[in-house]
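Take a look at the structure below.
Readers should treat all values here as calculations from the given coordinates under stated rules, not as data from a laboratory. Only a predicted model underlies this, so the values are computations on that prediction, with no experimental measurement involved. For neighbour counting, all protein chains shown are included, and Cβ atoms are generated from backbone atoms with ideal geometry for every residue, glycine included.
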Amino acid sequence: MKAEAEALRDHEGQRVELDAAVAKYVDACEEAEKELSRLADLRQDIRQLIDKVNDTRMHSILWRRYISGLSWEQVAVSMNYTYRRVTQLHGEALKEICSIQEMSH
């Protein structure tokens, strides 16, 4: 009988540990969902801002880099530009973005 009681206590102790682990997992999942939602909203804001850039070359560079996730080298190759030219146009595009943001505030 004593062995059964010890086993029950051990089993209950394990259950409490399992309940705590499940609660942590559920909390982590909820936090991850919130973060994913925040990032999706941020991505949408970035898309809308890029879409306000009128110059097609600058728009394309920003889109390929920040939405499509291409490296600078991949952007350059895909547009048939040198790496240096892409980074120059990127700098101009960022200035354009700053101007757009200043006008909207």
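The residues 38, 85, when put in order of fewest to most other Cβ atoms within 10 Å, stand as 38, 85.
Residue order for 59, 105, fewest other beta carbons within 10 angstrom first, comes to 105, 59.
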